[in-house]
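Everything below concerns the one structure shown next.
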Amino acid sequence: MPLDSFGREIDYLRISIIDHCNLRCVYCMPLSGLKFSTSGDLLSATELERVARAALAVGFRKFRLTGGEPTLRPDLLEIVERIGRLPGTHDLAMTTNGILLPHLAKRLKTAGLRRVNIHLDTLHPGRLQRVMRFGTLEEIWAGIQAAEAANLTPLKLNVVVTRGYNDEDVVDLAQLTLEHDWSVRFIELMPLGGGECARVALSQYVSNRDTKERIEQSLGPLSLLPDQHPADESLNYRLPKARGIIGMISPVSQPYCGNCNRMRLTADGKFHLCLLNDDELDVRTAIRNGSSDEMIGKTLLRAVGAKPTGHHLERGVSTEDRNMYQLGG
Ligand code: SAM
Ligand code: SF4
């Protein structure tokens, strides 16, 4: 397994396959001034397969497709098939807003996708329109049901807690775990890109300590689960008698950089070394200049070796050049 210069085992590649989206969440994607990659900028399905194969050869084991909204990619099924069939792939998951899953879930499962994380910030239709801006609760809920029916499980729901938008909804969302064996994960806002989304993230930030307290006040004590995986960015809890799990992902108040196991690939073919930092290493040019899989693997190992020790949000340092929709979370 590849080790970075701080001894962390890096075996998880998050692959952004598109930077377009059918929603415009207030903390991720501005309404105007968007600069999308052209189709020629994006890595093709064959190029993505080559990066995944090279990654497996140097010891990577897990992949996640993300975006933007990965389900908007017309060749998504081909991408899943190509990566899913590579020997050595232990996990192939996808993060999505779920809207297109009713049409895709079964076919994705057949193509080799194991599971999905679905982004849902509130169960209140009006507040959903404020925070995710396009799309409806009905559509996302239909996506969740389609994912369950297609066995894209264990199902995880991602909730980004944003003061004044959905912070009063965390109790209802946590309550879903009483009846469903889902993982509902509350994520602290991160400022990326230096623009209006970063300003929302900074001004509307809610600490997961407050979110946890709010949930416990209404629903009872959360018990920390004993079997936490060190590389899991989420601290996992359970409500009394609940079927599902409540996760707290707290990159701002409790950074987990010491256990980071991930590398990111942007849709336009750059290894992005840390979510909250601008350092990148171009792999697309290497691929298009005829590099062998071995050379691609070496580029990835160089990226792993150059990973920074951690983020410096506390000093106001973050990724300036890209917004979250260009990195995939
Ligand atoms: N469109 C898909 C979605 O929304 O799940 C995949 C891409 S999106 C960038 C991946 C995840 O990033 C989302 O599920 C959301 O939880 C998270 N996210 C987006 N912007 C964020 C921000 N500013 N801070 C923290 N998490 C964020
Ligand atoms: Fe789109 Fe996901 Fe960003 Fe929301 S968080 S705007 S769904 S990419």
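The H on the amide N of ASP279, modeled in the peptide plane, is under 5 Å from the matching H of LEU273, CYS274, each at least 5 residues off or on a different chain. Net length available on complete extension from ARG61 to LEU3 is 19.5 nm, with 0.36 nm assigned per residue and the Cα-Cα distance removed. Approximating the spin labels as points 7 Å out from Cα along Cα→Cβ, the ARG315-to-TRP141 distance works out to 4.7 nm. One Cα centroid belongs to the stretch 63-117, the other to the stretch 6-57; the line between them spans 13 Å. Compute the longest continuous run of the chain that contains no exposed trypsin sites (Lys or Arg not before Pro); treat a site as exposed when its DSSP state is not H, G, I, E or B and it has at most 16 other Cβ atoms within 10 Å. Longest site-free region, per DSSP loop and neighbour criteria: 244-329.
Over all other residues within a Cβ to Cβ distance under 14 Å of ASP172, the charged ones net out to -3, with Lys and Arg as +1 and Asp and Glu as -1. Spatial offset of the stretch 255-329 relative to the stretch 157-192 amounts to 27 Å, using the alpha carbon center of each.
For the chain, the 222 nm mean residue ellipticity estimated from helices alone, with every DSSP H stretch of n ≥ 4 adding -39500 (n - 2.57) and the total spread over all residues, rounds to -9000 deg cm²/dmol.
Pairs of Lys residues in the chain are counted when their Cα atoms are under 20 angstrom apart and they lie 8 or more places apart or on different chains; the count is 14.
Report the calculated FRET efficiency for LEU178 and HIS20 (r = Cβ-Cβ distance, R0 = 45 Å), to the nearest 0.05.
Working: r = 36 Å, r/R0 = 0.80.
So the FRET efficiency works out to roughly 0.80.
Between the Cα long axis of helix 45-57 and the first principal axis of the chain there is an angle of about 90°, rounded to the nearest 10. With R₀ fixed at 35 Å, the C-beta to C-beta distance from GLU196 to ARG288 puts the FRET efficiency at about 0.55.
Among the cysteines of the chain, those whose beta-carbon sits 4.7 Å or more from every other cysteine beta-carbon are CYS21, CYS197, CYS257, CYS260, CYS274. Axis of helix 170-179 versus longest Cα principal axis of the chain: the two differ by about 90°, to the nearest ten degrees. Of all DSSP beta bridges confined to the stretch 1-145, the antiparallel ones make up roughly 5%. Which angle between 0 and 90 degrees, to the nearest 10, do you get for helix 208-219 versus the longest principal axis of the chain when only C-alpha atoms count? Its long axis makes an angle of about 40 degrees. When both bridge partners sit in the chain, DSSP labels roughly 30% of those beta bridges antiparallel. Each Cα pair under 8 Å and six or more residues apart adds its sequence gap; the mean of these over the residue count of the chain is a relative contact order of 22 percent.
Only the coordinates and a few stated rules stand behind these numbers; no lab work does. Source: prediction; values computed, not measured. FYI the Cβ positions are ideal-geometry reconstructions off the backbone, even for glycines, and counts take in every protein chain you see.
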